Structure formats: C-alpha cells, structure tokens
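Undergrad: Structure below; questions to follow.
The values are calculated or read from the model by the stated rules, or taken from the named source; none is laboratory data. Computed from a predicted structure; not experimentally measured. Methodologically, a virtual Cβ is constructed for each residue, glycine included, from the backbone with ideal geometry; neighbour enumeration extends over all protein chains shown.
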C-alpha cells in the first residue's frame, strides 16, 4: 500500500525545509577557526585587563551604569534601623603640633527610614554599621532627572538614592 501526499502536505513540507535553511549559515572552516581564535584572544585580553586594572576605577565605571531591576544591593543599618542617607556635618582633621599625631573630630547625620535623624561620631558609624541585601525592583527618575532606586527588603519597599547603597 502506498500513500500519496496531498498538495497541502507538500507545501507544508517545503515551507518547513525553507525555515530550517534560514536558521543556518554556511562558512568555511578557515573562517570558523579565525572567529573562534579571535574570540579566545579577546577573552584572554579582557581577563588580563581586568586583573591589571585599577580596581576602584573599574568598580566606579561599573557603578556608573547603576544597579538594574533584579540586581541585589546592600543597604546600611545602624542600631537595627535602615539608613536611607547620611551627611558629614563636621570634619575636622588636623595634626597635633605637640604629639605629631593625626586627630579627627568627625560627626555624621544619619537619616533613617522612619524619617528620624541622629547625629553620631563618624567612627561609631564605621564600626557599627551593618549591611543587608535587598532586591532592586525599579530605577526611578523624578521630574528633575534625579535617579532613585525602589528596593524590596523583607517584604517592604523603600525608595533610596543609589549613592547610599552597597
């Protein structure tokens, strides 16, 4: 018993064959080898440049792009409260003329998520600050073009300036 293909089946078969051909390109082995060698060399150069680069400059360049939705950022906590912003209010650093030791008199104002403020010694801030990871939900821009991040931490959402994360 022999089966005959209808005209519609032949058309469908021909269309499927044409689609398969669209998915592939033909290149010579030499071209393929050159492409893979180039990719390999570029990958090695990127690794070398990354190792040899100024780490702080590289980090700054990566940060300038900013966190994108889905990324994780670290938020600062002081005494269990989320710190949304801070500002140096006093920054006296001088060399003691008698002992030749450097003296620091630095204070910082913290602004918490509950809109309360607290002024503390900068050294206390550095010693006792803790960090927790949060998920970035969105990057927002206000009418002035200033960017903020909408982040989620423990089921709560916060709006924070990107300068005060990580």
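Undergrad: Which strands (runs of 3 or more DSSP E) sit wholly inside region 69-166 and have at least 2 residues that are in contact with a helix residue (DSSP H, G or I) (Cβ under 8 Å, 6 or more places away or on another chain) and surrounded by 13 or more Cβ atoms within 10 Å (Cβ to Cβ)?
TA: Output list reads 72-78, 81-95, 102-112, 147-153.
Undergrad: Still on this structure, please answer the following. Test of understanding: among 35, 42, 12, which residue is surrounded by 10 or more Cβ atoms within 10 Å (Cβ to Cβ) and at pLDDT below 75?
TA: After ruling out the rest, the residue left standing is 12.
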